[in-house]
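Taken together, the values in this text are just the output of simple stated rules run on the coordinates, not laboratory data. What you see is a predicted model; the values in this text were computed from it and never measured. Cβ atoms come from the backbone with ideal geometry, glycine included; neighbour counts cover every protein chain shown.
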Amino acid sequence: MNAHPLWFIALLLLAAGLGLLGVVALLRGARQQRHAAALQSALHPRESTADASATASAGTAPSSPASDGGPRGLGWLAALGEHFHGGRLQAALLAPEDRLLLDQAGWNTRSGTAIFLALRLLLAVLCLLLALALFDSSGVQRIVVMLAALAFGILLPKFALRAWARRLRQRVNAELPLLIDLLRLLQGVGFSMDQSLQTLGDKLRGAIPVLGREIHQANIAYMHGRTRAQSLRRLGESFDDEDLRSLVQLMLQVHEHGGAVQEPLKQFSLRLREHRRATLKEKVGKLSVKMTVVMMLTLLPALMLVLSGPAIIALADAMTRLGS
């Protein structure tokens, strides 16, 4: 095999690894910044309240890319992506689906979109340069290689972001029953819906990290003047979960009209658990069918060898004796 394809595959894998590391660093930086902001607000509540009031009264103030939700280590990527903000290139590389994925990952900010755009551009250029350096093709084949390298570099960050968003949706799906139980518990001790949401977003966020973060952001938006329906809209729509959307509608109804919520939450929790139990049984049934095929392909030959081996040996011995 020629050495050029091997080098090209190795460099493509290196580019893929760099892209994945960039996305992981992007998401990790966002999480660290949120933790730092929570710690700052807990240590200096008065200063945080004053800063929030000043920000709300100032309206739309100009902000740098590094201060809009991006970690300091990726500030150069944010600065690079800011050069294309509002242009045709951003409109072409940031589709509504990409913004939804960024929203699910908590990076649908100006710096987050700038970093994502910069990653796509850098990987596209890197893959194109690698393809030009490693392939000595010409004509139509050269154009095909260049287009394939560009497409690979542009799509790699999106694939990584989609995998991360899928993981977050799975975590939301796993945290939803615990959220319902905690909400029932808080309502049972006499908390109002606002007090329950504040407690879930501030003190019980460690039990439900993803949903607790979303509830905390919804509480901040509510304190800054948005209605409860507007603040919870992202929680109900971002993760494409029908059960979570139904729970948000229930919370909004209780917030607006009041009334006892323990029994509806109990019925909702029972229905959710029954649905998940049925889904799990369906998965187990499909898995048992798949395992039957695996057992037939792996265990049956060995079993036939063990059972029929002595008989075959005895028959071969008898035939040898008859022949002699």
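Mind putting a number on the dipole of segment 237-324 about its Cα centre? Charges go on the C-beta only, +1 for Lys and Arg and -1 for Asp and Glu, and I need it in Debye to the nearest 20. Don't skip to the answer; put the middle values down first.
Values: 11 positive and 10 negative charges, 106 e Å.
For this selection, approximately 500 debye.
Placing +1 on the Cβ of every Lys and Arg and -1 on the Cβ of every Asp and Glu, with nothing else charged, gives segment 172-272 a dipole about its Cα centre of roughly 220 debye. For ARG321 and GLU256, the difference between the fully extended length at 0.36 nm per residue and the C-alpha to C-alpha distance is 13.9 nm.
The label-point distance for GLU237 and GLN90, in a model that sets each label 7 Å from Cα toward Cβ, rounds to 2.1 nm. Seen from ARG184, the other residues with C-beta closer than 10 Å to its C-beta sum to a net charge of -1, counting Lys and Arg as +1 and Asp and Glu as -1. Segment SER246..GLN230, full-extension length gain: 4.2 nm, with 0.36 nm per residue of separation and the alpha-carbon distance subtracted.
With a cut-off of 8 Å between alpha carbons and a minimum separation of six or more residues, what is the relative contact order of segment 172-272 in percent?
Normalised by residue count, the contact order of segment 172-272 is 30 percent.
Only lysines eight or more places from LYS281 in sequence, or on another chain, were considered; those with a Cα closer than 29 Å are LYS266, LYS290. The protection proxy used here, the mean number of other Cβ atoms lying within 10 Å of each residue, ranks peptides 284-296, 214-226, 132-144 as follows, highest first: 214-226, 132-144, 284-296. Considering the options GLN187, TYR222, VAL172, tell which one lies farthest towards the positive end of the dipole of segment 172-272, charges being +1 on Lys and Arg and -1 on Asp and Glu at the Cβ, about the Cα centre. Of GLN187, TYR222, VAL172, it is TYR222.
Stretching MET291 away from THR279 to a fully extended chain increases their span by 2.5 nm, per 0.36 nm per residue minus the current alpha-carbon distance. Computed as a quarter of the hull surface, the mean projected area of the alpha carbon convex hull for segment 172-272 stands at 5.6 nm².
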